[in-house]
Amino acid sequence: MSTNNYEPRIVVFACNWCSYAAIDLAGTSRKLYPPNVRVIRVMCSGRVDPQFVLEAFKNGADGVIVAGCRPPSDCHYINGNIKALRRFTLFKRLLEELGIEKERFRLEWISAAEADKWVRVVNEMLEELRRLGPLKAEAVSV
Amino acid sequence: MIQEPRVGVFICHCGHNIAAKVDVKQVADYAKTLPNVIVSHHYVFMCSTVGQELIREEIKKHNLNRVVVAACSPSMHEPTFRTAIESAGLNKYLLEMANIREHCSWAHSDKEAATEKAKDLVRMAVAKASLLEPLEEEEFPVSPTVLVLGGGVAGMRAAIDLAEWGFNVYLVEKNPTLGGRAALTGWLTNNRRGADVVNNLINKIVDNKNIHVFTNAELVEFSGFPGNFKAKIKVNPRFVNEKCILCGECEIECPIEVSNEYQYGLSRRKAIFFPFKAAYPPIYVIDQRVCIKCGECVKACQYGAINLAEQSLTLDLNVGAIVIATGYDPYHPPKGEYAYGLHNNIITLFQLERLLDEDGPTQGKLIIGGAVPKRIAFILCVGSRNTTPSSKNYCSRMCCTSTLINAIKIKEKYPDIDVYVLYQDINTYGNDETLYEQAGEKLVKFIKFEKPPTVDISPEGIVIDVYETTIQEEISIPVDALVLSVGMVPRRDQNELIATTRASCGEDGFIREVHLKLNPVEAPTHGIFLAGAVTGPKNIIESIRAGSAAASKVATLLSEGKVRTEPFTANVNEERCSGCRICVGLCPYKAISLREINDRMVAYVERALCMGCGTCSAACPSGAMQQYGFKDIQIMAQVVAATGGGIK
């Protein structure tokens, strides 16, 4: 794949209650954004095992977003978002050790009303990924 | 044992909603090439009777054991398709949806790219579907008791309807009286007042033994699941008991005086007070935020009705459902918006309604700044429709009608007053349209603007400058009083409610319903229902209607006597579990404990307590803890498929 027509692929884990609903709302409100994202629905951002994220990078994702309800208290399951926050704060540091630029991973809080934020996050990340180029294969061969 | 997957893929056009941006035939052809896919179809409306019948027929014809529907968001039609495959003999959890409408056709403009994405979404769904297992729902008995939060018209109507059906209702109101904002709304159409409507509802509540009213009370904790919620209610002390006969002696002696919120600040009240004439319960109350406990009221009370040592009490309720009917706040203009706060004769519509009400601070006389104004103007859309920087973008629905009712009332009482209504558009919808004609007949002067008017305070008084778009001229109107027809905004304390109940708010800041048209009185969390202006601007009639609608939805849930819960709970593979206890501490519901199996301590999930967040599964180091419907292998399969699965 040449860098000229490089289309980054972003895998998204979205919680059912806030972020998945915000992505629905973006569609319902016809807020257009680039089609480079593939969304996987989970019940809570606290369900996202860091291994899922590594697996995505290993299989060719250029970026990964984990999206959940706004802290501290929007979480449908009391504090699953806080658990995600704790896990992925650590995980980000590990990513860099693996040679994966930290910009390739984002943990985002997107409430059910924030369709605009979703569109902004996708655009920002795409811009970042285009700047970075494709993920180097050796980074994820571990 | 899981059968060899035989997947059927059904792709919906949703009329043009999907088909205009996604080449559905191409997606259907592509689906046929995917592993485990036996058959693939596309059809104009998969959710229609014909579409569902197609799915059922294909399941039987090809002996399908997994179904993928690529259509709208699962929040829309997942239940529809689950029922459809169930009626064809499949377990309803053997369905996976690919969201190719909200997440694809509606969000992307390029048909080729959208089609490619739709193929990916179908591939992801097929990958997960191939690994789905049949799941069983659990059945629980329901508590035939309902908690209604908010004693305004919507909450009262819901409580009455539910009580008449025989449900036990706890009606919990934060303020010391039932009635809500409608009780303070002055004149409505047909020469009735908000207080009359409220009185009527209160009388029905007083007569009904199934309704337990708690005023001065609030919800402080909420947990559980539909049919079996646990609600903790804190009842704040009123300090006055039923011996009170409303003689008012206490009020005379009370030394503390504050602004009276029940007259929107137009008059003052004491720390011990009675909110308004029709207030219920008919007992005085002490405002504990301002009371200094001097004891003067106790001395004045001949009936021994006052106890300053009264403490708050807590109630633990087991309720089957909850109706949130906590209402709205009036928009409060910032100081200087249309000169609000700069001149005593600039008031809000809510204040004007109090002035024109016989039970108001002027007994219905239009006295503003000590005199009856000769010229009065209304400015519409204050706080609504983006008229000023701090305005909301929505229309508040009730202000046009309410403005015209009050403008007509002024003209009836004081024919010589000049009344001006400055407006962008007049939205007196439905039967209220006749008010516009009546106001015209009574010579209310309508002034149309596109650019919001400016208001200046001069030594002579209030001057409004506006470009009138009908006559296309700049005009200047000096008035003695100005009424800002303010709209409705979410309650200031709404965030506390969201934190307690896990309701969520929409783009406008009001509490969000599942779907404005399809499920207008249901919150996204099953078992939580919404009524009245808590979901957005509504007039009194609409709020009462919403109260009845919510009540009927609650009845539908509870009348069966049992509920089924979604089976996406956690489950332990006891052989793999090392008993490390990581999951025990993570579970927000205390659903996991350790128990001994074959001389080893292993995790045990109490299924009735598990809400299905899956955070234990994410943290389990040995993969022993798995969430049904969201197992590691199922999500991993989606991940691999999402990234191209080696065929990128």
A student asked for the Cα radius of gyration and Dmax of the protein assembly as shown in angstrom ought to give 30.2, 94
Per the helix-only model, the protein assembly as shown has a calculated mean residue ellipticity at 222 nm (DSSP H runs of ≥4, -39500 (n - 2.57) each, divided over all residues, rounded to the nearest 500) of -9000 deg cm²/dmol
Sorted largest first, the Cα spans of segment B:236-275 on the principal axes come out in Å as 30, 23, 15
Listed by chain and number, the lysines with an alpha carbon less than 24 angstrom from that of A:Lys136, same-chain partners under 8 positions apart left out, are A:Lys58, A:Lys92, A:Lys102, B:Lys117, B:Lys648
Expressed in nanometres to one decimal, the distance between label points 7 Å along Cα→Cβ at B:Leu443 and B:Arg595 is 8.5
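What full-extension length gain, to one decimal in nm, is calculated for B:Glu433 and B:Val206 as 0.36 nm per residue of separation minus the Cα-Cα distance? Don't skip to the end; give the middle numbers.
Values: separation 227, 0.36 × 227 = 81.72 nm, distance 3.58 nm.
So the extension gain works out to 78.1 nm.
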Here the alpha-carbon Rg of segment B:533-648 over 2.2 N^0.38 Å rounds to 1.57
Output ordering of B:214-221, A:42-49 (per-residue mean of other Cβ within 10 Å, highest first) is A:42-49, B:214-221
So the angle from the long Cα axis of helix B:153-164 to the longest Cα principal axis of chain B, reported in degrees to the nearest 10, equals 60
Over 28 Å (Cα to Cα) among B:Lys32/B:Lys60; B:Lys374/B:Lys448; B:Lys392/B:Lys553; B:Lys204/B:Lys243 -> B:Lys392/B:Lys553
antiparallel share of DSSP beta bridges within the protein assembly as shown, to nearest 5, in %, is 45
Taking only the alpha-carbon atoms of segment A:10-133, the convex hull volume per residue, in cubic angstrom, is 88
Counting every C-alpha pair in segment B:7-137, the percent lying more than 25 Å apart is 15
Of all DSSP beta bridges with both partners in segment B:330-489, the antiparallel percent, nearest 5, is 45
Dividing the alpha-carbon radius of gyration of segment B:569-627 by 2.2 N^0.38 Å, where N counts its residues, gives 0.97
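Go through B:37-46, A:73-82 and give me the packing order, highest mean Cβ count within 10 Å leading.
Answer by packing, highest mean first, reads A:73-82, B:37-46.
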Partner shielding of B:95-107, taken as the mean number of other chain Cβ atoms within 10 Å, equals 5
Here, A:Arg130 and B:Glu249, labelled 7 Å along Cα→Cβ, have an inter-label distance in nm of 8.1
One would report the antiparallel percent of DSSP beta bridges in chain B, rounded to the nearest 5, as 50
Plugging the Cβ-Cβ distance of B:Ala309 and B:Val258 into 1/(1 + (r/R0)^6) at R0 = 30 Å yields, to the nearest 0.05, a FRET efficiency of 0.85
Expressed as a whole number, the average count of other chain Cβ atoms within 10 Å around the Cβ atoms of B:495-504 is 3
Rounded to two decimals, the Debye log10 I(q)/I(0) of segment B:513-573 (Cα scatterers, no solvent) at q = 0.17 Å⁻¹ is -0.63
Over all viewing directions the Cα convex hull of chain B casts an average projected area in nm² of 36.3
Mean 1/r over distinct Cα pairs of segment B:249-300, inverted to a Kirkwood Rh in Å, yields 11.3
Surpassing 32 Å at the alpha-carbon level, of the pairs B:Lys209/B:Lys562; B:Lys209/B:Lys538; B:Lys293/B:Lys590; B:Lys119/B:Lys631, are B:Lys293/B:Lys590
Compactness summary of segment A:4-74: radius of gyration and Dmax from Cα atoms, Å, are 13.1, 43
Per principal axis, largest first, the Cα atoms of segment B:70-159 extend in Å by 54, 36, 18
Expressed as a whole-number percentage, the relative contact order of chain B with C-alpha contacts under 8 angstrom and at least six residues apart is 13
Rounded to the nearest 10, the angle in degrees between the Cα long axis of helix B:111-129 and the longest principal axis of the Cα atoms of chain B comes to 70
Nearest 10, in degrees from 0 to 90: the angle of helix B:399-413 to the longest Cα principal axis of chain B is 20
Cβ-Cβ cut-off under 14 Å around A:Ile82, Lys and Arg +1, Asp and Glu -1: the net charge is +4
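Readers should treat all values here as calculations from the given coordinates under stated rules, not as data from a laboratory. All of these numbers come straight from a predicted model, not from anything done at the bench. As a convention, Cβ positions derive from the backbone with ideal geometry for all residues, glycine included, and neighbour counts pool all protein chains shown.
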